Structures are given as C-alpha cells and as structure tokens.
Amino acid sequence: MPAIEKGARRAARRRSAFLTLGGLLTLLLITICIHGYALSTLEVQLAAIRSWIIGDGIYTYREDGTPFGAALSPVLALMLAPLVVLPLPVAGWLLALTSLAALMLALMVLAGPAAREHGRSRTGIVLALTALALLAGPVRATIGLGRVDLILFGLVAADLVALRRATLARQRWWRSRSATGDRSPAARLRRVWFTGGWAGVGIGLAGAIAAGPLLLIGYLLVSKQRRAALTALITATTVSLCALIAAPSETLTWYRTTLWEIDRAAPLSDSGNQSLAGVLARLYGDSAPPVLVWISFGVLLLAVGLIRARSAHADGDETAAFTLVALAGAAAGPVTSPGEAIWLLPAVLILADEAIRRRLGTRLPRSRFTGVGFAAAGLAGYALMVLDPLAAQTWNGYALALILLVNALPWRHDSMPAAPVRRPIRRAAAIPGPRGG
C-alpha cells in the first residue's frame with residue numbers, strides 16, 4: 001500500500017508539473033501573439049466605439065490617414081463597449097483568455113467523441129490539441145489581432161452538443177422522467193437542456209455578431225433540422241432587435257449600408273483576404289474581383305458545400321457537416337482573414353481521425369484515399385497553419401486549402417450521430433467525394 005500511495009503521489013506531482021508548465025507556455029504564446037500583431041483590429045474597433053460614445057458614430061470613424069474604418073456589427077460593438085475603459089493591453093488579454101476558453105470548449109466538443117471511441121482521456125486530448133492549436137496561424141491571428149472569431153467558433157460548436165443531445169437524450173432521459181409526471185419549471189428546464197431543445201441558440205448568437213454563421217441556418221433548413229433553424233433565426237432576430245433598441249441609429253446604418261461595404265476594412269485585393277474574391281482580385285490585378293466570375297464560382301462552392309454537408313448529416317457526422325458549411329462560407333465569402341479560416345482546425349482533426357480509423361481497420365466503405373493519404377493531408381494542413389500567415393498568404397495557401405477541403409473533406413459513419421436523422425436509409429452524396437469509415 002505505501003508503494004501504491006507513493007506512486008500515486010508521484011503521478012499527481014507529474015500532472016501538476018505538466019499543467020503548470022503548460023499554463024506558463026500558454027501565457028507565453030499569448031504574449032508573443034499579442035506583441036506580434038499588436039491588437040490592431042481591437043484597437044480600431046475600440047477607437048470606433050469611443051467615437052460612438054462621444055456622439056460621432058461608429059461607422060463615421062476612419063483610421064488616421066486612410067479611408068478605412070471599423071467593420072463591426074452593433075451587437076459586437078455593445079459587447080466590446082465595456083472594454084473601452086481599460087488600457088488596450090488589458091482589454092486584449094481579457095479577450096484572449098475568453099477566446100482561449102472558447103477554443104478549449106470547441107475542441108472538447110469536436111474531439112471528445114473521437115477520444116472516447118479510441119479509448120483515450122478526453123481531458124488529455126483536449127489539452128494537447130489546445131497546445132497544438134495555439135501554434136496555428138488562424139488562432140495566433142485571432143488572439144493577436146484581438147478578434148472574436150474563436151468566440152464565434154465556440155458558440156457554433158456548442159450547438160453540436162445540443163444536436164447530439166437531441167438524438168440521444170430525448171429518448172433515453174426525458175421519456176423515463178416524463179413517466180413520473182414531473183411538470184415543475186425545474187423539470188422543464190432540465191428537459192430543454194438534456195433533450196437539446198436549445199439547439200440553434202449558439203448559431204443565432206454568432207449570426208447576430210457576424211454575418212458568416214448565418215449560412216449555418218441555411219444548412220439546418222437544407223438538412224431538415226427545422227426546429228434548430230427556427231431557434232437560430234429567432235435568437236439572431238431577438239438579439240438584433242435588442243441592439244436596435246439600444247443603438248437605433250447605428251443598427252439601421254449597419255443593415256442599410258455598412259454591412260454591404262465589403263471593402264470597408266481593407267481592399268478585397270489585400271493579401272490578408274484569403275477568400276475566392278481576394279484570389280480573383282489579385283489574379284486580375286484589380287482592387288476588386290470580376291463580379292460575375294466571383295459570384296458564379298462562389299455560388300458553385302456554396303452549393304457543393306451544402307450538398308456534401310447534407311450527405312454527411314445523413315451519414316451521422318454532424319461535425320463534418322458543420323465544417324463543410326463553414327469552409328464553403330469562408331471560401332465563397334467576400335472577405336476571409338486568416339483568423340476567419342479557423343474551421344481549418346476541425347478539418348485537420350477529421351482527417352487525423354479518419355487516418356487513425358483506417359489504421360485500426362475500422363473503416364466501413366472503401367475509398368480511393370488510403371489512411372496514409374489522410375494522415376499526409378492532415379499533416380500538410382496543420383503545417384500550412386503553423387507557417388507564418390504572411391508567408392502562407394503570398395501564395396494564397398489558406399484560400400487553396402479552403403477550396404480543396406470543401407470538395408474533398410471526408411466524413412465518418414458515426415456510431416453516435418450528432419443530429420437526428422429521420423430516415424435511416426443511407427443516401428449517396430450528390431457530388432462525389434472521399435467518404436470515411
């Protein structure tokens with residue numbers, strides 16, 4: 001017994017040492033990111049909010065010596081408004097720590113089922129993935145610039161939890177409870193929580209803050225998850241109406257004009273724009289892309305993403321479905337910064353999980369891609385993100401990765417689907433692509 005207790009104490013000390021070292025390295029990485037990017041986006045946004053507070057308006061603010069201003073929604077402006085009383089470094093650290101918590105939540109949601117399936121500790125996997133994610137360009141850019149993309153990422157990932165519970169707990173938990181006839185408010189709240197009745201709230205909140213996540217509402221409708229789509233739409237509308245009440249002039253200006261000024265923060269040809277529009281603008285040597293060419297290929301990318309996402313949903317892999325929609329939106333949208341390419345992270349996780357499944361022989365259908373191919377693709381994707389974002393931008397690395405993954409990302413036949421599938425019949429993808437086991 002003393003030997004066992006001594007071994008347990010040594011293991012506890014090792015864990016404490018690893019956690020302390022990991023925490024210190026995390027703080028060091030955040031410090032490096034903030035120092036390297038200088039919180040430039042957050043600085044402009046807070047300056048615009050200060051301009052609004054003194055009566056000049058958010059959208060009349062311009063950076064010194066430039067025609068560019070802040071492109072933040074009224075909802076985001078109200079969220080960031082308390083930070084204007086703080087020094088910029090303090091505000092940046094608060095936002096960075098919030099973003100880190102959102103990143104860990106998202107990774108727990110995305111990697112938790114795979115960790116359980118492979119018999120690994122979810123906590124250890126999440127901590128390791130968080131360390132790897134902090135080295136990725138989209139995460140570094142988000143934290144260093146002072147953006148909220150990781151928070152939006154966490155909100156959307158939270159809805160995956162609700163959709164999983166909508167499949168599992170609705171039948172297992174509430175039916176047993178409903179037999180007791182408990183109709184108290186506490187029981188009703190438990191029912192909403194355990195049956196995933198709140199699915200769509202995260203997407204709705206994210207859609208009220210930024211326009212990109214609203215595409216997921218379209219996906220929910222296409223995949224016939226109408227309740228979650230309605231919840232997301234009601235949430236986004238309610239939050240936007242609250243912003244209208246709090247800041248009527250700025251909200252009307254945002255929806256009438258500012259939202260449609262896609263080159264407000266920078267020209268579309270800027271190297272930081274890793275969307276299809278940015279690639280075309282640089283190829284044509286103009287400040288904006290040819291509109292018809294961009295719209296034609298953009299609509300095609302969105303169609304491919306939605307069709308493949310619907311097929312992934314039908315096969316039970318809601319994580320891949322969400323990832324495909326988000327990648328398609330980032331590729332086809334007018335402006336996509338490296339920070340907005342954050343959904344490359346779950347794409348790399350899906351490729352790695354698929355490689356492990358094939359290595360263990362757990363695949364179901366055959367594919368023209370081998371496990372080694374998926375592993376190589378995942379490593380290449382992660383290497384791209386670890387590279388200096390400026391180096392990747394010079395040859396449109398993020399844009400090419402987004403377009404390629406929309407067409408080639410596999411999905412898995414999950415034994416625990418993340419969303420209810422009304423018909424158990426498997427449907428073939430309308431657009432062929434690699435499908436995992």
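Please go through the range 49-69 and give me each residue that is in contact (Cβ under 8 Å) with a residue 24 or more places away in the chain, in a helix (DSSP H, G or I) and open to solvent by less than 80 Å² (accessible area, probe 1.4 Å), ordered by number.
At the first step, the residues of the range 49-69 found to be in contact (Cβ under 8 Å) with a residue 24 or more places away in the chain are 49-50, 52-53, 57-59, 68-69.
Now narrow it down to the ones that are in a helix (DSSP H, G or I): 49-50, 52-53.
Those that are in contact (Cβ under 8 Å) with a residue 24 or more places away in the chain, in a helix (DSSP H, G or I) and open to solvent by less than 80 Å² (accessible area, probe 1.4 Å): ILE49, TRP52.
Restricting LEU379, LEU364, LEU400, LEU349 to those that are aliphatic (A, V, I, L, M), modelled with pLDDT under 60 and open to solvent by 20 Å² or more (accessible area, probe 1.4 Å) reduces the list to LEU364. When the residues of the range 248-303 are filtered to those that are of a type in the set (D, E, K, R) and assigned to a loop (DSSP other than H, G, I, E, B), which remaining residue is farthest from LEU214 (Cα to Cα)? Within the range 248-303, the match that is farthest from LEU214 (Cα to Cα) is ASP286. Evaluation of VAL201 against the conditions (1) out of contact with any helix residue (DSSP H, G or I) (no Cβ under 6 Å at 6 or more places or on another chain); (2) without any contact (Cβ under 8 Å) to a residue 60 or more places away in the chain; (3) open to solvent by 10 Å² or more (accessible area, probe 1.4 Å); (4) within 22 Å of GLY329 (Cα to Cα) shows that the sole unmet condition is (1).
In the range 214-231, the qualifying residues are those that are without any contact (Cβ under 8 Å) to a residue 60 or more places away in the chain and not basic (Lys, Arg), and the one that is nearest to PHE153 (Cα to Cα) is LEU214.
Regarding the range 268-277, can at least one residue be identified that is in contact with a Phe, Trp or Tyr (Cβ under 8 Å, 6 or more places away or on another chain), surrounded by fewer than 19 Cβ atoms within 10 Å (Cβ to Cβ) and over 25 Å from GLY200 (Cα atoms)? No, the conditions are met nowhere in the range 268-277. Each residue in the range 218-259 was checked for being under 23 Å from ASP317 (Cα atoms), of a type in the set (A, V, I, L, M, F, W, C) and crowded, with 22+ Cβ neighbours inside 10 Å, and 4 of them qualify. Scanning the range 307-328 for residues that are open to solvent by less than 10 Å² (accessible area, probe 1.4 Å) and outside any helix (DSSP H, G or I) returns GLY316, ASP317. Within the group LEU107, LEU72, LEU103, LEU150, which residue is within 19 Å of GLY339 (Cβ to Cβ), part of a loop (DSSP other than H, G, I, E, B), in contact (Cβ under 8 Å) with a residue 12 or more places away in the chain and open to solvent by less than 10 Å² (accessible area, probe 1.4 Å)? Answer to the selection: LEU72. Among residues of the range 29-48 that are within 16 Å of VAL85 (Cβ to Cβ) and of a type in the set (A, V, I, L, M), those with a Cβ under 7 angstrom from a residue that is open to solvent by 30 Å² or more (accessible area, probe 1.4 Å) and in a loop (DSSP other than H, G, I, E, B), sequence gap 6+ or separate chain, pair up as ALA47/TYR61; ALA48/TYR61.
The values are calculated or read from the model by the stated rules, or taken from the named source; none is laboratory data. Treat the numbers as computed from the prediction; the structure is a model and nothing was measured. Neighbour counts run over all protein chains shown; Cβ positions are idealised from the backbone, glycine included. Quick note on the areas: whole protein, heavy atoms, side chains included, nothing else; ligands and nucleic acids left out. Shrake-Rupley method; radii C 1.70, N 1.55, O 1.52, S 1.80 Å.
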